[in-house]
1. Out of (1) in a loop (DSSP other than H, G, I, E, B); (2) within 15 Å of the chain's Cα centre (by Cα); (3) over 26 Å from residue 4 (Cα atoms), the odd one out for residue 59 is which?
2. Which of (1) touching a Gly at 6+ places or on another chain (Cβ under 9 Å); (2) at pLDDT below 90 is the odd one out, the single condition residue 30 does not satisfy?
3. Taking the stretch 8-63 as the region of interest, how many residues are closer than 20 Å to residue 85 by Cβ and acidic (Asp, Glu)?
4. When the residues of the stretch 58-91 are filtered to those that are over 16 Å from residue 26 (Cα atoms) and surrounded by fewer than 11 Cβ atoms within 10 Å (Cβ to Cβ), which remaining residue is modelled with the highest pLDDT?
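The values are calculated or read from the model by the stated rules, or taken from the named source; none is laboratory data. Values in this document were obtained by computation on a predicted structure and should not be read as measured data. Cβ: placed from backbone, ideal geometry, glycine included. Neighbour counts: every protein chain shown.
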Amino acid sequence: MFSPLLRETGDFLVRASQIGDYYTLVLNVKNGSEIDNLTISVVDDQFTLHYLLAKGNSVKFPTVGHLIKYYKKHRLPNERRLVKAVKRPWWLVHHSSVAYDEVS
């Protein structure tokens, strides 16, 4: 769904992903013909890339915005930098805008 939005290497977006009752943030980055999905973890009320946290060399930030700003200047684990944020399209529905009725 979001893949066509990422056109050039370095284009990126942050999205919420839900599995059951659990939400996580994912940083999607265009990397040549691929799209890298980097999970953002929260540790001690700080945001970091899960991949680096698992390797023991993560940098932590007070906000996702600070994390993005940092990785626009420093390389990601895939050796890329964040270049251009992709804006939310007008047609993309917010999770909070969707309501479900129980089906019997």
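1. It fails just one condition, (2).
2. Against the list (1) touching a Gly at 6+ places or on another chain (Cβ under 9 Å); (2) at pLDDT below 90, residue 30 comes up short only on (2).
3. Matching residues across the stretch 8-63 total 4.
4. Selected residue: 62.
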